[in-house]
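S.K.: Can you read through this structure? Questions will come right after.
The values are calculated or read from the model by the stated rules, or taken from the named source; none is laboratory data. Computed from a predicted model, the values in this text were never measured in an experiment. Note that we place each Cβ from the backbone using ideal geometry, even for glycine, and neighbour counts take in every protein chain shown. We work out accessible area using only protein heavy atoms, side chains counted, and drop any ligands, DNA or RNA first. Shrake-Rupley method; radii C 1.70, N 1.55, O 1.52, S 1.80 Å.
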Amino acid sequence: MPNAVEIWRQSLLPRISEAKNILTHLPLAELARRSGAIAKEGGLELEFLGKKYFLSQDLTFFDPQGKPAPEEVQAILFDYLVNADGTRPSGEWVGFGDLPHGSFYQQAFQSYSGDELVRRLSLPAFRRAAEAAGGIPLPLGDAGYAFPVLPLLPLAVVWWEGEEGLPPKAVVLFDARASRLLPAEGLAIVGRLLCRWLIKLGGG
């Protein structure tokens, strides 16, 4: 009997296949223009959470080691390529609950994103991790950073250290145009993966 991970992997395959059917009619140069990906010999290079993925001409995504990218990553990258139209980020930050269909999942998203960060890292460790990840400082909270998760999709993480009677809090924010690029489910995955990356970099 397949386990939960395998069931989840299998559930992504039709979505990936549908995206490939849409993208197969678009020249790679046009995909690069729309998405901010970089045209390379034989395909496109798309940076996601600090890793460079390669999209071959037959629309197969490979990780930096040349292996097929995990289905979870493929689903996000293909959704991004299908939806990207060259529109730049707005520069306005919103919470997950402010995204379309985000309010229902906001509490769950906070539990495995910002709450997990403050459980696993201290403020100095978060700062070190954010800088190691290429975060751009923001004048928000006690520490805030923007991360170019995908070329046209920045996310931010803001940390408040708290005070007497108030524990530390961290929140993942999204550009106001993020929902044009990924559905709420995909944005939740991206936020979780960003926090997981920061925890790893921070030694948590």
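S.K.: Taking the highest mean first, how do the peptides 182-195, 39-52, 67-80 order by number of other beta carbon atoms within 10 angstrom per residue? Could you put the intermediate results ahead of the total?
M.R.: Numbers: 182-195: 20.6, 39-52: 15.4, 67-80: 19.1.
Output ranking for 182-195, 39-52, 67-80: 182-195, 67-80, 39-52.
S.K.: By how many degrees, between 0 and 90 and to the nearest 10, does the Cα long axis of helix 71-83 differ from the longest principal axis of the chain?
M.R.: For 71-83 against the chain, the angle is about 80 degrees.
S.K.: So what's the projected area for the chain, the Cα convex hull averaged over all directions, in nm²?
M.R.: Result: a mean projected hull area of 12.6 nm².
S.K.: Still on this model: Starting from the Cα of K169, draw a straight line to each of the aspartates and glutamates and keep only those under 15 Å, dropping any in the same chain fewer than 8 residues away.
M.R.: D115, E116, D142, E161
S.K.: Per 10 Å bin, what percent of the C-alpha pairs of region 2-111 does each bin hold, from zero upward?
M.R.: 13, 37, 35, 15, 1
S.K.: Under 5 Å between amide H atoms, partner at least 5 residues away or on a different chain: which partners does A143 have, H built in plane at 1.01 Å?
M.R.: So A143 has HN proximity to W159.
S.K.: Before rounding to the nearest 500, sum -39500 (n - 2.57) across all DSSP H runs of length at least 4 in the chain and divide by the residue total; then give [θ] at 222 nm in deg cm²/dmol.
M.R.: -12500 deg cm²/dmol
S.K.: Now for a separate question. Using alpha-carbon pairs under 8 Å, 6+ residues apart, how would you state the relative contact order of region 1-150 in percent?
M.R.: The value is 19 percent.
S.K.: Quick one: check the C-alpha center-to-center distance for region 98-151 versus region 11-83, whole angstrom.
M.R.: Distance between centres, Cα-based: 25 Å.
S.K.: Taking amide H atoms as placed 1.01 Å from N in the peptide plane, list the residues 5 or more away in sequence, or in a different chain, whose amide H sits under 5 Å from that of G50.
M.R.: Here nothing satisfies the definition.
S.K.: Compute the angle between helix 123-132 and the longest alpha-carbon principal axis of the chain, please, reported from 0 to 90 degrees and rounded to the nearest 10.
M.R.: Tilt of helix 123-132: around 30 degrees.
S.K.: Can I ask one more? Can you send over the carbon and sulfur percentage of the accessible area for the chain, probe radius 1.4 Å, protein chains only? Please list the in-between numbers first.
M.R.: Working: 5740 of 10670 Å².
Answer for the chain is 54 percent, counting heavy atoms of protein chains only.
S.K.: Can you work out the accessible area per residue across region 1-106, with the rest of the protein chains kept in place, probe 1.4 Å, in square angstrom?
M.R.: Result: 59 Å² per residue.
S.K.: Ok, one more. From the Cα gyration tensor of region 35-85, with a ≥ b ≥ c the square roots of its eigenvalues, which class applies: rounded if a/c is under 1.5, or else prolate if a/b is larger than b/c, or else oblate?
M.R.: rounded
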